[in-house]
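Beneath this line is the structure, given in structure tokens, with notes to follow.
The values are calculated or read from the model by the stated rules, or taken from the named source; none is laboratory data. Because the structure is predicted, anything quoted here is derived from the model rather than measured. Here the Cβ positions follow ideal geometry from the backbone for every residue, glycine too, while neighbour counts run over all protein chains shown.
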Amino acid sequence: MQKKLPKKELPNFMVKLISYIDSSAKMMIPDLGILMQTDTSYAEELLGFKFKPAKDCITENAKSVVQLGLV
């Protein structure tokens with residue numbers, strides 16, 4: 001039986017409520033409401049290559065898993 005990935009986002013207030021019961025949720029509280037963005041330009045300049053877009057990497061990984069017969 002396979003588990004499905006969550007398709008909805010848990011509202012911030014629910015995470016705060018859950019943190020009273022589940023101590024592992026307390027670690028998420030400081031990051032709530034923060035939009036995290038990355039900039040690869042420094043690493044690309046330092047290493048001398050350009051990173052592939054995440055969407056392309058995910059597609060290639062999925063094809064690889066199918067080719068290896070893992071799915």
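Key figures
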quantity	calculated
Residue under evaluation Ser19, criteria (1) in contact with a Lys or Arg (Cβ under 7 Å, 6 or more places away or on another chain); (2) at positive phi, criterion not met	(2)
Hits in region 1-21 - residues which are exposed (fewer than 10 other Cβ atoms within 10 Å of the Cβ) and of a type outside the set (S, T, N, Q)	Met1, Lys3, Lys4, Leu5, Pro6, Lys7, Lys8, Glu9, Phe13, Tyr20, Ile21
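Each row is one residue, and each column tells you yes or no for (1) modelled with pLDDT under 90; (2) more than 30 Å from Val71 (Cα to Cα); (3) of a type outside the set (Lys, Arg).
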site: Lys3; (1), (2), (3): yes, no, no
site: Met14; (1), (2), (3): no, yes, yes
site: Tyr20; (1), (2), (3): no, yes, yes
site: Asp31; (1), (2), (3): no, yes, yes
site: Leu47; (1), (2), (3): no, yes, yes
site: Phe51; (1), (2), (3): no, no, yes
site: Lys55; (1), (2), (3): no, no, no
